[in-house]
Amino acid sequence: MGLSPKEESVICLNCGECCKKYSITILPKESKKISKFLKISNKKFLQEKCELFVKIYPKSTPGLLTCTTCFFPKKIGLMIDSILSYPPHGFFVVPQIILKRIDGNCEFLLQGNKCKIYSKRPFPCKVFPFMVVPGYEEQYPFCELFKKSGKDNVKKSRLFSKKITEYFKTVDKIGFEKTWKYFPNNGKLFLSDELIGEISFKQLKTMLNHKVKK
């Protein structure tokens, strides 16, 4: 028999490590729910409580959010050149918005490992750890809930993947600005999973405006 919701909650409140280790991605509908819960405008929430989180992956063939390297802002190009000897023709650009982190912790993590927006928390928080299936234990050595419950959230994980894929398709089709309307002005840029520097919305916009042509 599995743990009760109350037992799960006690285990989580005694840990809180996931709120300290991971950047939490949000989607447009979630930002509206959270900002309403906080009683602030969606614009204020996104600009003050969130930040850009952009990952780029080498990819030269046309496809979803695949952008031409030669049109990247000079500063971004120099960051890439410092790591890759031969930059590819294009990159798969993954533009996301995450909850801002303060001193490494989630903006909304309170004392006692309580969450300020728990009832409206983003989907990733609800299904952490994402792939709770046999064989993945070593990915979450710190998670006591995973060790004690063995809970299977694979279906919810697939639902999250579906939501993220739909989000990227929307951004690819109508653009980042129209998808969000409001957004943080700055954030972090990663080459695959390696942090390589800061990125502004203006720089991101320039990158997304030049896709690899078929």
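The values are calculated or read from the model by the stated rules, or taken from the named source; none is laboratory data. If you're wondering where the values come from, they're calculated on a predicted model, not measured in any experiment. Cβ: placed from backbone, ideal geometry, glycine included. Neighbour counts: every protein chain shown.
Residue by residue, here is whether (1) at pLDDT 95 or above; (2) more than 15 Å from the chain's Cα centre (by Cα) holds:
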| position | (1), (2) |
| --- | --- |
| SER149 | no, yes |
| ASN153 | no, yes |
| LYS162 | no, no |
| VAL171 | yes, no |
| PHE183 | no, no |
| PHE190 | yes, no |
| HIS210 | no, yes |
| LYS213 | no, yes |
Exercise. Given LEU27, LEU64, which one is surrounded by fewer than 16 Cβ atoms within 10 Å (Cβ to Cβ), touching a helix residue (DSSP H, G or I) at 6+ places or on another chain (Cβ under 8 Å), more than 18 Å from ILE199 (Cα to Cα) and in contact (Cβ under 8 Å) with a residue 40 or more places away in the chain?
Worked result: LEU64
Exercise. Can you tell me which residues in region 60-117 are part of a helix (DSSP H, G or I) and among the hydrophobic types (A, V, I, L, M, F, W, C)?
Worked result: CYS70, PHE71, ILE76, LEU78, MET79, ILE80
Seminar exercise, completed: Over region 5-27, the set of residues part of a helix (DSSP H, G or I) and touching a Phe, Trp or Tyr at 6+ places or on another chain (Cβ under 6 Å) is GLU17, CYS18
Exercise. Of the residues that make up region 85-97, is at least one loosely packed, with under 13 Cβ neighbours inside 10 Å and more than 30 Å from PRO141 (Cα to Cα)?
Worked result: yes
For this session: Report whether or not LYS44 is in contact (Cβ under 8 Å) with a residue 12 or more places away in the chain and either exposed (fewer than 14 other Cβ atoms within 10 Å of the Cβ) or within 27 Å of SER31 (Cα to Cα) (or both).
Result: no
Problem set entry | VAL94 being among the β-branched types (Val, Ile, Thr) and modelled with pLDDT under 90 | no
Problem set entry | Only listed residue being more than 30 Å from GLU8 (Cα to Cα) and under 23 Å from the mean Cα position of the chain (by Cα), chosen from PHE91, PHE108 | PHE91
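Which residue, of GLY63, GLY16, is of a type in the set (Gly, Ala, Ser), within 17 Å of PHE168 (Cα to Cα) and at pLDDT below 95?
GLY63 is the lone residue from the list that is of a type in the set (Gly, Ala, Ser), within 17 Å of PHE168 (Cα to Cα) and at pLDDT below 95.
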Seminar exercise, completed: Selection from region 184-214 of residues in contact with a Ser or Thr (Cβ under 8 Å, 6 or more places away or on another chain), part of a loop (DSSP other than H, G, I, E, B) and under 18 Å from ILE24 (Cα atoms) yields ASN185
